[in-house]
Amino acid sequence: MADDRQTRLLGADVSSLDAAAGILRRGGLVAMPTETVYGLAANALDGRAVSAIYTAKGRPASNPLIVHVESAEQASGLSSGWSEMAVKLAEAFWPGPLTLVVPAGDAVAREALAGGSTVGLRAPAHPVALELIRRAGVPLAAPSANRSNALSPTSARAVMDDLAGRIDAVVDGGDCHVGIESTVLDLTEEAPRVLRPGMVTPGDISAVLGVPVSLVGENAGIHKSPGMMSRHYAPGIPLELIAGEIEDNPDGFPIRLGDAEVWGREGIVLIADPVPYARALYRALKWAEMSGCTRIVLELPPVGPRWTAIHDRLLRASRG
Ligand code: AMP
Ligand code: MG
């Protein structure tokens, strides 16, 4: 695909959303805000439209897409095995940052499944995304709206920086509230297991289902979930993780931990609490990337169940 498409920057008002929905119905690509990160959306029932997502991102064909729905009812119609567990989890966590991997129904474009027979489904907790799905009248396949291997975008500006000229439109819905990608939960095996950690933890899921929920280790389920590729979610310059405090005048752009957020040319301080930390993380890495420094040094946050997803992204992002 040539990098010379006009990419429209749209607002989130009713007439803009109608324009975006029209583009989607005609098989085009629209980046939309969700609560996790911005997604690059296409009609999930249209194989050609879904293929165009892979081209625009330079995404490997082996990496499946999450299909975004407006409701559990719409999700169940896209699955050939919407189980009792799926019903309970959708009721407890949707709309929200939990993707359920279930047996795929026939309607979903095969291109979204990356050769498998399962589909990842999620209802996003963002009013603009939900309204866009409704107006388009179809479920939307949407991976993060970045070129493959770049940082996931948490603002419309970040999407434009990365994908302008390669997609039809970006809907600006402000900054993302969660800030990192959804938890991906596999419901197709005997026991539910988390393929990609997110802000919904195995403990949260287990509390709803009343059964243990495991977190798949890095090398366990090869390509069951490509967010598991060892280097992923990475900034364009090396990232070094520091256990303990960063020294003064470090060699690199420092991202420290503190009680309040501070954004400066000389460094960033992020709040040592997982919710605001996740919300700010990708914007901080992007800010550091743009600082002119040739590397980033980052104080590792504490360990604990609520920090697992953040540690996961930091580890992948730091691999050369
Ligand atoms: P992205 O939104 O770019 O992070 O990509 C979507 C991610 O969802 C993939 O990298 C996978 O981790 C996960 N995913 C989507 N569909 C499936 C599926 N059918 N099976 C396993 N993982 C999936
Ligand atoms: Mg991604």
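Just so you know, all these numbers are worked out from the coordinates, no wet-lab data involved. In this text the structure is predicted, and so the values were computed from the model without any measurement. Here Cβ is always computed from backbone atoms with ideal geometry, including for glycine, and neighbour counts include all displayed protein chains.
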TODO: Provide the FRET efficiency to the nearest 0.05 for the L300-A92 pair, computing r from the beta carbons and using R0 = 25 Å.
DONE: 0.20
Open item on the list: Cut-off 10 angstrom, C-alpha nodes, Gaussian network model of the chain. Which of V14, V269, V159 fluctuates the most?
Closed with: V14
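Can you classify segment 1-144 as rounded, prolate or oblate using the Cα gyration tensor, where a ≥ b ≥ c are the square roots of its eigenvalues, rounded means a/c under 1.5, and otherwise it's prolate if a/b beats b/c and oblate if not? Walk me through the numbers on the way to the answer.
Details: a/c = 1.92, a/b = 1.27, b/c = 1.51.
The shape class here is oblate.
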Task: Nonlocal amide H pairs with S79, under 5 Å, H built at 1.01 Å - done: G105
- [ ] For segment 122-194, run through the GluC sites (Glu not before Pro) and keep only the ones in DSSP coil with at most 16 other Cβ atoms within 10 Å of their Cβ.
- [x] E189, E190
Open item on the list: Run through segment 112-156 and list the trypsin sites (Lys or Arg not before Pro) located in a DSSP loop whose Cβ has at most 15 other Cβ atoms within 10 Å.
Closed with: R147
TODO: Scan segment 1-103 for trypsin sites (Lys or Arg not before Pro) in coil per DSSP, keeping those whose Cβ has at most 13 other Cβ atoms within 10 Å, and list them by number.
DONE: R26
Task: Percent antiparallel among DSSP beta bridges (both partners in the chain, rounded to 5) - done: 40
Open item on the list: Below 8 Å between Cα atoms, with a sequence gap of 6+, how large is the relative contact order for the chain in percent?
Closed with: 20
Open item on the list: Using a Förster radius of 56 Å, what is the FRET efficiency between R110 and D248 based on their Cβ-Cβ separation? Nearest 0.05, please.
Closed with: 0.50
- [ ] For L239, list long-range residues whose amide hydrogen, built 1.01 Å from N in the peptide plane, is under 5 Å from its own amide hydrogen.
- [x] I296
TODO: Specify whether the C-alpha gyration tensor of the chain places it in the rounded, prolate or oblate class, a ≥ b ≥ c being the square roots of the eigenvalues: rounded for a/c under 1.5, otherwise prolate if a/b is larger than b/c and oblate if not.
DONE: oblate
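Based on the Cβ-Cβ distance from D273 to A207, what FRET efficiency comes out when R0 is 22 Å, to the nearest 0.05? Intermediate results must be reported in sequence, preceding the final value.
Numbers: r = 21 Å, r/R0 = 0.96.
E(calc), rounded to 0.05, equals 0.55.
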TODO: Just grab the label-to-label distance for V262 and S51, each label 7 Å out from Cα along the Cβ direction, in nm (one decimal).
DONE: 5.3
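Quote to one decimal, in nm, the extra length available between V14 and E190 on full extension: 0.36 nm per residue of separation minus the C-alpha distance between them.
The span from V14 to E190 would gain 59.0 nm if fully extended.
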